[in-house]
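Step one of this worksheet: look at the structure below.
The values are calculated or read from the model by the stated rules, or taken from the named source; none is laboratory data. Because the structure is predicted, anything quoted here is derived from the model rather than measured. Counting neighbours? That spans all protein chains shown, and the Cβs are built from the backbone with ideal geometry, glycine included. Accessible surface areas use protein heavy atoms only, side chains included; no ligands, DNA or RNA. Shrake-Rupley method; radii C 1.70, N 1.55, O 1.52, S 1.80 Å.
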Amino acid sequence: MKYGVLKNIYQENRTLIFLLTTVFVLLSIFLPSRFLSLLNFQSMATQIPEFGLLATGVMLAMLMGGIDLSVVSIANLSGIIAALIMTRLIPENALGGQIGFFVFTAIIAALGAAILCGLINGVIVGYLRVNPIITTIGTMSLFMGVGIIITSSRGIIGFPDAFLFIGNGYVLIFPFPLIIFVAMMFFVTIILNRTKFGMHARMIGTNQRAAYFANINVRLSFVKVYLLSGFLSGISSLIMISRVNSAKSGYGESYLLETILVVILGGIDPRGGYGKISGLIIALITLQFLKSGSNILNFTPFIKNIISGSLLVIVMIINSISANRISKSEMKKRQQKAAGIIR
Amino acid sequence: MDNKLTQYFKRISKKTESYLILFLIFYILLMSFVSDSFLTLINFFDLGKNASGMAILALGAFVVLLSGGIDLSFTAIAVSGQYISAKILLSVGVDNLLFAFALSCSIGIFLGFINGYLISRFKLQTLITTLGTLSVFHGALLTIFGTAPINASQLPQCIIEFGKATIFRIVREDGSSYGLSVFVLFVIGVVILTWFILRFTMLGRGIYVIGGNEEAARRTGFNVDSIKLFIYSYVGFLAGIMGVINGALIRFIDPTEIVGREINVIAAVVLGGASITGGKGSILGTLLGVFIISILNDNLVLIGLSSFWQRFFVGVIILAGAILTAVQSEEKKLIR
C-alpha cells in the first residue's frame, strides 16, 4: 500500500526526481566535504520551511487560476506585529509564565494579521472580481507599506528565548522548523486531496465558468484559498523572525522570485488546475541544494539572480514545449481514432 | 436638451478619466490651501520634469496591459540602457547625446525583443517570464559591468547639458530664471507616437484585439506572434529613452537604481483605468495616473506624512484603480 503511494509520486515527478538526483550527485562529487555534512543538511532543513510555506501559498492560489504575489509582504507584516508585541509589551521583570503568555499572544496576533491580509486579498479577488495579479501586486505594496509605517523602517531585535525555539530548536537531529513544515504539508495535502474544497479549487482553476455553472461557489472559494495562503505566510513569518531573532520591513523580498521559481519548477500549471504537493516538495529540495551549492561556491547575489531568473524561464520553456508535444500527439491519436470510426 | 445633458453626464460618469480629473482638481485645491508654493508655475515645471521618465515607462506598460500581458522587467531594461550607454560613451570618448540615445534605445529594443521572443514563441505567461528576465537582465548588468555608480563629475557633458536644457525660460524680477525642461517634449513625442500606433495602424488594432481575445485575433488573421514581439520591443525602446532621461535628471547613474520602481509605474497605469484583462484604458488615463502618483509622492511631506507612507499609498492607489475599473465593467458580472 505504502509502496503504491511512492510509486505514484515517482511516476508523477519523473523529470523532477531525475533533476534532483543529478544536482545531488554533482554537488556530492565536486563539494563532498562541505555539501555532504550533517551540519549542511540541518542548515538546509531550517531554510526550506521559510520559503517552502510561502511557495505553498503561491501554489494554492495558482491551482485556482490566480496567483499570490503578496505572500512575502504578509509574512513581513505579521512578523513585525509579533515582534512589536514581544519587544514592547513584555514588562522588564516578567516571570516565565507571563512571558509565555505574551509569546502566545504574539503568535496568535501574527497569525490573525496574516489571515486578515488573506481575507483582504480574497474579498478583492473573489467578490470585487479584480484580477489576482493586479490585486496582489497592490496588496504587496499595501502590506509592506503598513509594516514600514508602524516600524518607521527600523529593525526590531531581541525576542524571548522561548520564542527562539520555533526557528532554532532541534528535536533529536531534526530542526523544529522542519517539523512544522512537514505538519503543514500534511495539512495542505489533506485539504487538497480529501476535501470538497480541494476538488473545487482544481475545478475552478481548470475552468472558472464551468465551475460556476456546476454550482460551485467560486467567490467563496477564492476567499478560502487566500485565507489559507495568508495563514501559511503567517506560519512562515514566525519561523523567519525567530530564526534571525529580528524583524524588519522589507526582509525577504528576494523570496518572491524564489517562491514562484519553486512553484513552476514543481510542475504547477500557472494557468491553474494542475499541481501536486509532492512536486513542490521535490522542487524545494532541488532549489535548496542549488542554493547551498552556490553559497559554498561564494557566488554574488547577482549571479544567484541570474541563475534563478534563467532557471525560471528555462523551466517554463521546457514545460511549454512538452505540453505542446503532448497535445500534438494526442491530436494525432484522436484523428486516427476518428478516421477509424469513419471507415 | 435636458435629456441630452443627463445622457452626457451618464456617459462621462462611466469614464475613469473623469474621476481622475475630479480627484486632481480637488487635490490641487487642497494643496494650494496647505502651501503657498504649490500652485506656482515653477512647481508645475518641476513636476513635469520629474514625472517625464515615469510617464514614458508608463506608456510602455500601458501598451503591454492593453494586450492583456504585464511587464515587470522594463526597469531593468532602462537601467541597463542607461548604464551601458554611459559607460560606452565614456570609454570611447564620444560626447554626443544622439549617440547616447541610439545606444540606450538599441540595448532596450534588444532586451525587449528577448522578452517578446520568449513570450510569443513559447507562449509563456507574461508575469512569470518578465519576473525572470528582470532578475536575469539586472543580475547580468551588475555582474558584467560592475556596480560602480557614475557621478556628475564623470558623466559625459552632453547628458549634463541635456538635463539643464529648457524649451523656454521665464525671467523673474530679480534676474534669475526658470523654464520648462525639454524632457516634456520627449513625453509629447512618445504620446503622439503611441497614440498614432494605437489609433491609426493595423498593428495598434491588433494590440487591442489580442487584449480582447487572443484566439479571436489569431483566427481573424492577425499575426499575434509578431505583434507581441513588437509590443515588448517597443517597451524596451521606451525604457531606453527613459534611461537617458533619468540619468540627465538626477545627474548620477547608479546601476542599482530604477529597478524596484516598476510597481509605481504599474500603479499609475492601473489607476489610469487600464485593466490586465486587456483591451481597456486610454493614454489620457495613463498620463493622469502618472500625474496623480507623482503629485502624491512629491507632496506627502506637505500634508504632514513622512516618506514612509509612500509604499502604502502606492498599494492603495493600485487597489483603488483596479477596483474602480472592475466595478465599472458590467459585462464581467455575467461570468460569475
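Looking only at the range A:184-226, count how many residues are within 14 Å of chain B (Cβ to nearest Cβ), open to solvent by less than 40 Å² (accessible area, probe 1.4 Å) and of a type in the set (Gly, Ala, Ser). Residues flagged as within 14 Å of chain B (Cβ to nearest Cβ), open to solvent by less than 40 Å² (accessible area, probe 1.4 Å) and of a type in the set (Gly, Ala, Ser) within the range A:184-226 amount to 3. Kindly check whether there is at least one residue in the range A:27-40 that is charged (D, E, K, R) and either surrounded by 24 or more Cβ atoms within 10 Å (Cβ to Cβ) or without any contact (Cβ under 8 Å) to a residue 24 or more places away in the chain (or both). Looking for residues that are charged (D, E, K, R) and either surrounded by 24 or more Cβ atoms within 10 Å (Cβ to Cβ) or without any contact (Cβ under 8 Å) to a residue 24 or more places away in the chain (or both), one finds none in the range A:27-40, hence no. The set of residues in the range A:138-195 being under 21 Å from A:CYS117 (Cα atoms) and in a loop (DSSP other than H, G, I, E, B) consists of A:SER152, A:SER153.
Looking at this structure, is B:LEU59 touching a residue at least 60 places away in the same chain (Cβ under 8 Å) and either open to solvent by 10 Å² or more (accessible area, probe 1.4 Å) or touching a strand residue (DSSP E or B) at 6+ places or on another chain (Cβ under 7 Å) (or both)? Taking the combined requirement at face value, the residue does not satisfy it. What about B:LEU131, is it assigned to a helix (DSSP H, G or I) and modelled with pLDDT of 90 or more? In short, yes. Can you spot a residue in the range A:235-243 that is surrounded by 21 or more Cβ atoms within 10 Å (Cβ to Cβ), of a type outside the set (Asp, Glu) and within 14 Å of chain B (Cβ to nearest Cβ)? No, the range A:235-243 contains no residue that is surrounded by 21 or more Cβ atoms within 10 Å (Cβ to Cβ), of a type outside the set (Asp, Glu) and within 14 Å of chain B (Cβ to nearest Cβ).
For the range A:90-130, the tally of residues that are open to solvent by less than 40 Å² (accessible area, probe 1.4 Å), within 14 Å of chain B (Cβ to nearest Cβ), under 26 Å from B:ASN264 (Cβ atoms) and not charged (D, E, K, R) stands at 6. Just one of the listed residues (A:GLY293, A:GLY279, A:GLY273) is over 30 Å from A:MET203 (Cβ atoms), small (Gly, Ala, Ser), more than 11 Å from chain B (Cβ to nearest Cβ) and open to solvent by less than 20 Å² (accessible area, probe 1.4 Å), namely A:GLY293.
Six or more apart or on different chains, Cβ atoms under 6 Å: show the pairs whose first residue is in the range A:284-301 and more than 18 Å from B:GLY139 (Cα to Cα) and whose second is outside any helix (DSSP H, G or I). So the pair list comes out as A:ILE296/A:LEU31.
Out of the residues in the range A:1-14 that are in a helix (DSSP H, G or I) and more than 15 Å from A:GLY266 (Cα to Cα), which is least open to solvent (accessible area, probe 1.4 Å)?
Of the range A:1-14, the ones in a helix (DSSP H, G or I) are A:2-12, A:14.
With more than 15 Å from A:GLY266 (Cα to Cα) added as a condition, the list becomes A:2-8.
Values: A:LYS2: 174, A:TYR3: 165, A:GLY4: 34, A:VAL5: 78, A:LEU6: 115, A:LYS7: 101, A:ASN8: 85 Å².
Only one residue fits best here, namely A:GLY4.
The criterion of at least 1 residues that are in contact with a strand residue (DSSP E or B) (Cβ under 6 Å, 6 or more places away or on another chain), of a type outside the set (Gly, Ala, Ser) and under 30 Å from A:THR139 (Cβ atoms) is met, among helices (runs of 4 or more DSSP H) falling completely within the range A:15-119, by A:38-63, A:71-84.
The one condition from (1) in contact with a helix residue (DSSP H, G or I) (Cβ under 8 Å, 6 or more places away or on another chain); (2) farther than 13 Å from A:GLY79 by Cβ; (3) open to solvent by 10 Å² or more (accessible area, probe 1.4 Å); (4) modelled with pLDDT under 90 that A:ASP161 does not meet is (1). All conditions but one from (1) farther than 25 Å from A:GLY145 by Cα; (2) crowded, with 16+ Cβ neighbours inside 10 Å apply to A:THR22; the one that does not is (2).
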